[in-house]
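As structure tokens, the structure follows; a few thoughts come after it.
The numbers here are math on the coordinates, done by the rules we state, and not lab data. These numbers come from a predicted model, not from an experiment. Glycine also receives a Cβ, built like all others from the backbone with ideal geometry; neighbour counts cover every protein chain displayed.
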Amino acid sequence: SQKIEQNSEALNIQEGKTATLTCNYTNYSPAYLQWYRQDPGRGPVFLLLIRENEKEKRKERLKVTFDTTLKQSLFHITASQPADSATYLCALDNGGSYIPTFGRGTSLIVHP
Amino acid sequence: KAGVTQTPRYLIKTRGQQVTLSCSPISGHRSVSWYQQTPGQGLQFLFEYFSETQRNKGNFPGRFSGRQFSNSRSEMNVSTLELGDSALYLCASSLDSSGVTDTQYFGPGTRLTVL
């Protein structure tokens, strides 16, 4: 069956460290993968999109990698700040089906 | 540019009733998608409208329906409400295509509670 797995346990890190979040998928052939940030009681906010032929994408302190062999995407936040505390969701399509499937998200807590 | 707006923000209904939620996309965006978010199931795709036509549909029962108007504003309707319909309903708009091929901008959501 198709699955998107994100760590359900919250990730706690100290301010200034690099946070790394994982998105693993099974039985999907995504052409694209996206990462979103969601704060409590609010809608998700788009952060980054990476295509299947791209290995890495960067935006300011954010970096995303996409390994279609491992069927995994890693999302990194460098020099993390307490303001980065939120839930981070990955979303992918299935070979261009245009119907996105979201992971359950991982909560990141950055301690000052 | 104003973001995606959803009304109402909070709603309490009882089982068996019906409800209509409204979404106004970002100006110029033609695609509107609806999602249901619950703690148990996460964020699940309901349907997507483009140019007043339903273009994609998720795996939800027929009690969930929607429509899009010529100004791209969209409504979704849930009939015969069940307790399990309690959720945060999110609307997202994008310029043209849907899903992950185009950046989606989400609204703040409507929190529906069914008693």
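Working out 0.36 nm times the residue gap between B:Phe69 and B:Thr53, then minus their Cα-Cα distance, what length gain in nm do you get to one decimal?
Result for the pair: 4.8 nm of gain on full extension.
Can you give the FRET efficiency for B:Ser27 and A:Val45, using 1/(1 + (r/R0)^6), R0 = 25 Å, r = Cβ-Cβ distance, to the nearest 0.05?
Efficiency at R0 = 25 Å is approximately 0.85.
Set the bar at 21 Å for Cα to Cα. Now go through A:Lys3/A:Lys71; A:Lys3/A:Lys63; A:Lys59/B:Lys57; A:Lys3/B:Lys57 and name every pair that lies beyond it.
Checking Cα-Cα distances, A:Lys3/A:Lys63; A:Lys59/B:Lys57 exceed 21 Å.
How far apart, in nm, are two points set 7 Å out from the Cα along the Cα-to-Cβ line at B:Lys13 and at B:Thr38?
For B:Lys13 paired with B:Thr38, the spin-label model returns 1.4 nm.
What FRET efficiency would be calculated for the residue pair A:Gln81, A:Asn24, taking the C-beta separation as r and a Förster radius of 45 Å, to the nearest 0.05?
On the way: r = 26 Å, r/R0 = 0.59.
That pair, A:Gln81 with A:Asn24, gives E of 0.95.
Convert 25 °C to kelvin, take the viscosity as 0.890 mPa s, use the Kirkwood radius over C-alpha pairs of the stretch B:1-62 as Rh, and evaluate the Stokes-Einstein diffusion coefficient in µm²/s, rounded to a whole number.
Values: Rh = 13.6 Å.
Reported coefficient: 181 µm²/s.
Grab the beta carbon distance between B:Ser79 and B:Thr5, set R0 = 30 Å, and tell me the FRET efficiency rounded to 0.05.
0.80
Taking 0.36 nm per residue of separation and subtracting the Cα-Cα distance, what length does fully extending A:Lys59 through A:Glu15 add?
13.9 nm
Relative to the present Cα-Cα distance, how much length would full extension add between A:Gln72 and A:Ser8 at 0.36 nm per residue of separation? Before the final figure, lay out each step's value.
Details: separation 64, 0.36 × 64 = 23.04 nm, distance 1.59 nm.
Taking A:Gln72 through A:Ser8 to full extension adds about 21.5 nm, to one decimal.
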